[in-house]
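Working notes, structure below.
Readers should treat all values here as calculations from the given coordinates under stated rules, not as data from a laboratory. Remember, it's a predicted structure, so these values are computed and weren't measured experimentally. Positions of Cβ are backbone-derived with ideal geometry, glycine not excepted, and every protein chain shown enters the neighbour counts.
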Amino acid sequence: MSGISPDDPDFQYLCVDKKKLLAEAQPFDSKKNVWVTCAKDGFVKAEIQSTKGDEVTVLTEKMEEMTIKKDNIHQMNPPKFEQTSDMANLTYLNEAAVLYNLKARYGAGLIYTYSGLFCVVINPYRRLPIYTKQVIDKFQGKRRSEMPPHLFSVADNAYRNMLQDRENQSMLITGESGAGKTENTKKVISYFASVAAGQQKAAEAAGTAEKGKATLEDAIVQANPALEAYGNAKTIRNNNSSRFGKFIRIHFGTNGKIAGADIETYLLEKSRVTFQQSEERNYHIFYQLLSGKFPEYCDKLLVTPDAGLYHFINQGCLTVDNMDDVEEMKIVDHGFDVLGFTKEEKMSLYRCTCSVMHFGEMRFKQRPRQEQAEADGSSEAEKVAFLLAVNAGDLLKALLTPKVKVGNEYVTKGQTKHQVVYAVAALAKALYARMFGWLVARVNQTLETKHKKQYFIGVLDIAGFEIFVYNTFEQLCINYTNERLQQFFNHHMFVLEQEEYKKEGIHWEFIDFGMDLQACIELIEKVILSKCHTRHHDNLPTSSAHGHPLHPGGRVHVPQGL
């Protein structure tokens, strides 16, 4: 990479000092030094001692002598490829070499590595100073070969390709839950907001400072806190997991300046609104509103700043490590202001949010010797009605004795206690889903401009696979969608990759990488179909010990080895 030095303080977490690595390299013999499979570590370094037929005797780096089959031996790359920035350049591109290179770079603090057309990122689980304005400026307008691997390089090349080829571009950020997709999505958006604003941003900032309005670029960046508050939650493996998929389109004009943006969302996990596992948490916004940051909000929203009091949000843990709900509430509330929400819109959103918590506290009892439930107190129903601006009596009547259409007429239907409790949970989830949909539409309204749009760069953040011993029906559906998407992506991208090999005259036997996921897809299909069949024949949901229904579909047991 021309002009890049490992001594540059901005690149100490991105560059490799090749001279130092070669000086520290161990003696290497291409005929003897190999990788061998290991049950504990995956692969370990070894040196061939002797060969007899299909069996090879090796001495591992742990000084263990073992005899294995030739099929379990993998070629090792020469020292000059140590911590290489693009694994497509490796002499031997095998599983052992790829994993070792990623591990070696990660150990040196280098989280980004290229693999041909792909950029592989490993979550460092700490903040690295590689996303500053100075770093952005250094990547701007540079070819990929000139700079160390970085998300900014991928983003900048997409931007330059859009301008040069006059074609829309898309980036897919994929990986299992907790890999860092959401954080990288935010970094991509920040990069485009910085690079594609230029002088226009300075002019708009000067013009809008007097009016107290934020620039379009600021609004795009500030859309994240709002969406994360209402769409992210703590799961067993991820403290800030996006429980919905999103496709963000950033539109540009003919001059390459940002001309607007819009967001599409998919697969919001509604079951989380009323049910969480013991190590999980509901959506962040509930705990942020109850953090006590704005005491005046608590009075208006009829809530006590204690998340443990509300059943729909207290089934798991109430706090998240390294997440300050008080500070996050401040950021979210300010974000709504930047996005242009009026006080009425903001408070209406908060009122609907808190009504979901009060729904979980409504109590019902069964009338003796009757197939009819009745309210066990009306205080919580009155709070819900006040927050939603409806009549409390009409709300209870609709839950206890709803009207259903039979032919051309409406008849009143009696509900048992279990049916009413189930209906309340379903109503809370439906309300939250519609509220989230309104939030996205309102954000899109802010991000819409009258500027002429010529091209867009799309960023898709959706494929976060997560599997547990007990899986919600929604989680299996989400995983199924993610696996299908990943299969399509793998097939499409590796076809392009292999076409590049053909152009370069490399002898290559075509491989359909999309089939790697087929076994998992077929297994999930069978589970989902069997569950759908069960749900179709179940008249009533399973209730919990607290008298509250489990999420629709209950829980599905799946072996850990899936």
| task | Any chance you could list P(r) for the range 365-516, counting all Cα-Cα pairs in 10 angstrom bins from zero, rounded to whole %? | result | 8, 19, 20, 20, 16, 9, 6, 2, 0
| request: Please report, largest first and rounded to whole Å, the three semi-axes of the ellipsoid equivalent to the range 1-138, where each semi-axis is the square root of five times an eigenvalue of the C-alpha gyration tensor. | output: 34, 15, 13
| query | What is the distance in Å between the Cα centres of the range 50-86 and the range 271-333? | reply | 53 Å
| remark: Measuring from the longest principal axis of the C-alpha atoms of the chain, the long axis of helix 379-388 (C-alpha) lies at a number of degrees, nearest 10, equal to 70 degrees
| said: Within the range 165-199, name every residue whose backbone N is under 14 Å away from a label modeled 7 Å from Cα of His451 along the Cβ vector. | reply: 192-199
| message | Taking 8 Å as the Cα distance limit and 6 or more residues as the minimum spacing, I'd like the relative contact order of the range 239-383 as a percentage. | response | 18 percent
| field | Ranked list, fewest to most other Cβ atoms within 10 Å of each Cβ, for Thr416, Thr235 | value | Thr416, Thr235
| task | Please report Arg272, Arg367, Arg237 as a ranked list, fewest other C-beta atoms within 10 angstrom at the top and most at the bottom. | result | Arg367, Arg237, Arg272
| note | Using the Kirkwood formula on alpha carbons, the hydrodynamic radius of the range 316-362 in angstrom works out to 12.5 Å
| the range 358-432 - percent relative contact order, Cα under 8 Å, separation 6 or more | 31 percent
| request: Could you tell me which of rounded, prolate or oblate describes the range 413-485, using a ≥ b ≥ c as the square roots of the eigenvalues of the alpha-carbon gyration tensor, with rounded for a/c under 1.5 and, failing that, prolate when a/b is larger than b/c and oblate otherwise? | output: oblate
| Counting Lys and Arg as +1 and Asp and Glu as -1, each charge on the Cβ, what is the dipole of the chain about the Cα centre in debye, to the nearest 20? | 1080 debye
| remark: So the FRET efficiency between Glu344 and His507, C-beta based with R0 = 60 Å and rounded to 0.05, is 0.35
| Cα axis of helix 181-195 to longest principal axis of the chain: angle in degrees, 0 to 90, nearest 10? | 80 degrees
| query | Angle between the Cα long axis of helix 95-107 and the longest principal axis of the chain, 0 to 90 degrees, nearest 10? | reply | 80 degrees
| Is the range 358-432 best put as rounded, prolate or oblate by its Cα gyration tensor, with a ≥ b ≥ c the root eigenvalues, rounded for a/c under 1.5, and otherwise prolate when a/b is larger than b/c, oblate when not? | oblate
| Of (i) 0.97; (ii) 1.48; (iii) 1.14, which one was derived for Cα Rg over 2.2 N^0.38 Å from the structure shown? | (iii)
| Cα gyration tensor shape of the range 35-82, rounded if a/c is under 1.5, else prolate or oblate by comparing a/b with b/c | prolate
| What percent do you get for the relative contact order of the chain when only Cα pairs under 8 Å and 6+ apart count? | 13 percent
| Estimated [θ] at 222 nm from DSSP helical runs (n ≥ 4, -39500 (n - 2.57)) normalised by residues in the chain, nearest 500 | -13500 deg cm²/dmol
| Between Ala23 and Glu61, what FRET efficiency follows from the Cβ-Cβ distance if R0 is 25 Å, with the result rounded to 0.05? | 0.80
| query | For Met493, Met362, what's the fewest-to-most ordering of other Cβ within 10 Å of each Cβ? | reply | Met493, Met362
